[in-house]
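The block underneath contains the structure these notes are about, expressed in structure tokens.
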Amino acid sequence: MTPSGARRNGAGTGPWPVITIDGELERAEQEFLHTNGAGAYSMSTLALMHTRRHHALLVASLEPPLGRWVILSHAETSVTVGERSYKLSTHQFPSVAPTLGYRNLRTFSQDPLPRWTYRLGNAEFERTLALARGRNALVLRYHWKGQVPALVSLMPLMPLRPLEQLSREHGGMKQRVTLRPNEVEVQPVSALPPIAFAHRGVFMGSPDWWRRFEYGEDLRRYADFQEDMWTPGTFKLALEPGGTAYLVVALGGLLDATPESIMQETREYLLARDPGERRRPLLRRLWLAADTFTSNACEKPAAVAGYPWLGAPLRDWLLAFPGLFLARGRIDEAKASLSLATRLLRGGLLPTELPGVAAKARVPSPDATLWLFEAARALIKELGLHDPWVRGELYPRLVRAFVRLRGKRLKRHAWVSDDGFFTTTEPQPGTWMDARAEGVPVTPRNGLAIEHQALWFVASTTLAACARQYGHPSVADAAEACAEAVRRTTAQRFWCIETDYPFDCLSIERATADAWADASVRPNALIALALAPELFEAWQVNAILTRVKNELLTPRGIRTLSPADPAFVGHYEGSIDERERALHQGCVWPFLLGFFARAVRAQNPGDEEVRQDLTRRIEAAVVGGSVLGHVMQIADGEEPHRWRGCPAQSWSTALLLSALEVDLGVS
């Protein structure tokens with residue numbers, strides 16, 4: 001998120017970024033993101049010089065909100081005015097400087113639709129982009145503010161491949177083009193539906209390949225970083241002075257609506273998501289960013305974990321749930337989302353991923369199932385126990401999950417030990433620190449994880465309150481007994497005298513040759529404290545917060561490991577395995593600031609100075625990300641704490657939004 005930079009460039013006090021480029025490539029290297037509420041998106045740099053394989057004008061979602069394919073990467077644009085032609089596209093090719101289309105770019109605005117303004121001689125030319133809500137369709141609008149007619153030439157460049165792959169020139173493209181009045185249809189790849197173009201100009205078919213587009217960010221992350229793209233030909237659209245022309249691109253057939261109405265629907269939806277001037281600009285930006293991750297325009301109202309490459313893992317979805325929905329007052333959307341999540345329970349456990357194209361869709365996740373109860377607790381607080389949906393739909397599913405998690409007979413994935421602790425075992429992922437390098441967990445945390453005990457306490461107390469209200473005393477008694485067992489023994493069992501901080505993870509065994517304890521100073525004790533302060537004594541609370549402030553707290557968020565630890569990795573860089581090793585061995589995660597604010601505020605409920613300090617920390621932590629209006633996934637653990645990882649991540653947005661709105665009462 002770049003609120004301060006946006007203000008310097010003319011965004012004023014509102015949530016919509018306005019960036020002055022004035023032909024400077026460095027200013028145009030920031031990224032924009034525009035989504036359709038069903039997993040499809042448009043994303044690139046402001047210069048439209050793609051630096052990631054994930055950048056494109058239209059990335060479609062074939063199994064909303066998942067199954068993403070890159071359909072339209074570029075609409076190669078040139079404008080002819082009289083005898084002069086202006087090429088507006090910017091690309092990076094090997095061993096040469098970027099092409100010069102950015103030199104004509106004056107401003108970029110996203111207010112709320114992405115809009116580019118170019119200076120061509122003494123005239124202005126505008127391009128505006130809009131995705132159709134819930135559909136794999138894109139509208140490009142071109143507006144000419146010149147004194148004489150102009151001619152716009154548009155060449156679609158189409159990789160037509162899954163999101164993570166790259167396209168290479170080959171002879172397998174079906175070159176057939178179907179022409180209809182004001183419509184062109186192609187289906188060059190049999191795995192995809194037909195792609196239709198609507199226009200009011202002239203189309204000149206000339207199937208061909210453009211070669212060796214180079215992606216600078218991929219060069220740092222992947223072994224391959226160059227791509228070839230196919231084009232069916234060129235569209236030519238005439239523009240009179242003050243005139244407007246459109247190009248519509250749709251996967252699977254054109255929409256039964258005009259380009260103007262499609263754009264207007266999207267514009268009105270986005271404007272309605274702005275909470276208005278009663279909230280400060282940063283909060284307005286976080287509200288709008290949060291909406292990016294909610295798939296509320298398709299049959300699966302899940303929460304996407306991040307753009308451009310993260311899917312919809314259940315843990316991420318449920319961890320972000322209160323901030324994405326409840327902090328913004330989206331109660332009906334929250335009910336629909338949690339209803340979908342609970343319908344995915346199988347044998348009492350949630351899957352790791354949203355079923356669909358994800359490989360881990362059938363892997364049980366005790367971690368996600370525990371976070372389900374925290375999400376349910378937050379929603380029940382809003383709806384009340386008398387709500388018919390809570391009693392009739394949510395509660396029975398929570399009972400099913402509780403019975404499975406509590407069970408000791410089938411010791412697979414998760415169970416409760418004889419002394420009342422929540423226990424996990426292989427297969428991974430066991431907790432949110434589930435990175436793997438060379439197929440091996442970097443931070444194996446099977447056994448007794450400190451934050452799992454807090455989540456189990458939340459699960460037990462939440463279910464007990466429901467069961468007591470609904471007249472199910474046996475269920476209530478069992479849940480209360482589980483909560484009491486955790487409350488009575490967690491602080492004693494987990495406290496490490498040497499570090500004056502809780503153990504991060506313990507073995508199930510006690511006082512045997514096989515017993516072990518991980519005394520690493522990590523943020524999971526902070527998560528546990530924020531979720532269930534009842535588990536700790538007052539002196540332990542102070543000790544935890546002191547250790548976090550001294551060793552884990554940074555201007556970007558909370559480190560995943562103390563820098564005093566020999567295993568600390570200060571920078572997220574290198575090969576995939578090297579980055580995975582760094583992910584939870586020192587990287588800073590902004591979302592953890594949400595738990596920090598919650599824990600500190602709970603200990604200082606009436607201290608205005610503390611509230612203002614926490615607010616300033618969160619506001620400072622969201623500045624400087626690569627995507628306008630969004631918070632990135634992680635930062636380096638060492639100064640200057642460069643932003644890294646996924647450019648726009650749901651946890652980062654949701655936890656910080658919830659901290660400001662709910663815990664700190666910022667308006």
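If you take the residues in region 593-648 that are farther than 23 Å from H55 by Cβ and of a type in the set (G, A, S), which one is surrounded by the most Cβ atoms within 10 Å (Cβ to Cβ)? Within region 593-648, the match that is surrounded by the most Cβ atoms within 10 Å (Cβ to Cβ) is G594. For region 435-445, the condition holds for at least one residue, the condition being that it is closer than 21 Å to F591 by Cβ and of a type in the set (A, V, I, L, M, F, W, C). What number of residues within region 188-231 satisfy the criterion of being open to solvent by 60 Å² or more (accessible area, probe 1.4 Å) and of a type in the set (A, V, I, L, M)? So the answer is 5. The residues of region 283-311 that are surrounded by fewer than 24 Cβ atoms within 10 Å (Cβ to Cβ), farther than 15 Å from L655 by Cα and aliphatic (A, V, I, L, M), listed by number, are A297, L310. Highlighted here are the strands (runs of 3 or more DSSP E) found entirely within region 202-319 that include at least 1 residues which are hydrophobic (A, V, I, L, M, F, W, C), out of contact with any Leu (no Cβ under 6 Å at 6 or more places or on another chain) and free of Cβ contacts under 8 Å to residues at least 60 places away in the same chain: 202-214. Might you check whether a residue that is open to solvent by less than 10 Å² (accessible area, probe 1.4 Å), in contact with a strand residue (DSSP E or B) (Cβ under 9 Å, 6 or more places away or on another chain) and not in a helix (DSSP H, G or I) occurs anywhere in region 448-468? Checked against the condition, which is being open to solvent by less than 10 Å² (accessible area, probe 1.4 Å), in contact with a strand residue (DSSP E or B) (Cβ under 9 Å, 6 or more places away or on another chain) and not in a helix (DSSP H, G or I), region 448-468 yields at least one hit.
In region 122-145, the residue that is farthest from H34 (Cα to Cα) out of those that are surrounded by 21 or more Cβ atoms within 10 Å (Cβ to Cβ) and small (G, A, S) is A137. The set of residues in region 554-583 that are closer than 22 Å to F494 by Cα, of a type in the set (A, V, I, L, M) and open to solvent by 10 Å² or more (accessible area, probe 1.4 Å) comprises A564, A567. The residues of region 232-282 that are open to solvent by 50 Å² or more (accessible area, probe 1.4 Å), touching a Ser or Thr at 6+ places or on another chain (Cβ under 8 Å) and either at pLDDT 95 or above or aliphatic (A, V, I, L, M) (or both) amount to a single one, K236. Residue count for region 84-121 under the criterion of being part of a loop (DSSP other than H, G, I, E, B), without any contact (Cβ under 8 Å) to a residue 40 or more places away in the chain, open to solvent by 10 Å² or more (accessible area, probe 1.4 Å) and among the hydrophobic types (A, V, I, L, M, F, W, C): the result is 2. Filtering E169, E185 for residues that are open to solvent by 40 Å² or more (accessible area, probe 1.4 Å), over 21 Å from T51 (Cβ atoms), of a type outside the set (G, A, S) and not in a loop (DSSP other than H, G, I, E, B) leaves a single hit, E185. Across region 347-405, the number of residues qualifying as part of a loop (DSSP other than H, G, I, E, B) and of a type outside the set (S, T, N, Q) comes to 16. Residue count for region 558-583 satisfying the condition of being assigned to a loop (DSSP other than H, G, I, E, B) and farther than 16 Å from H641 by Cβ: 6. Residue selection: L583 satisfies the criterion of being of a type in the set (A, V, I, L, M) and under 30 Å from L219 (Cβ atoms).
The values are calculated or read from the model by the stated rules, or taken from the named source; none is laboratory data. Remember, predicted model here, so these are calculated numbers, not experimental data. Heads up, the Cβs are rebuilt from the backbone with ideal geometry, glycines too, and the neighbour counts pull from every protein chain shown. Only protein heavy atoms, including side chains, enter the accessible area calculation; ligands, DNA and RNA are left aside. Shrake-Rupley method; radii C 1.70, N 1.55, O 1.52, S 1.80 Å.
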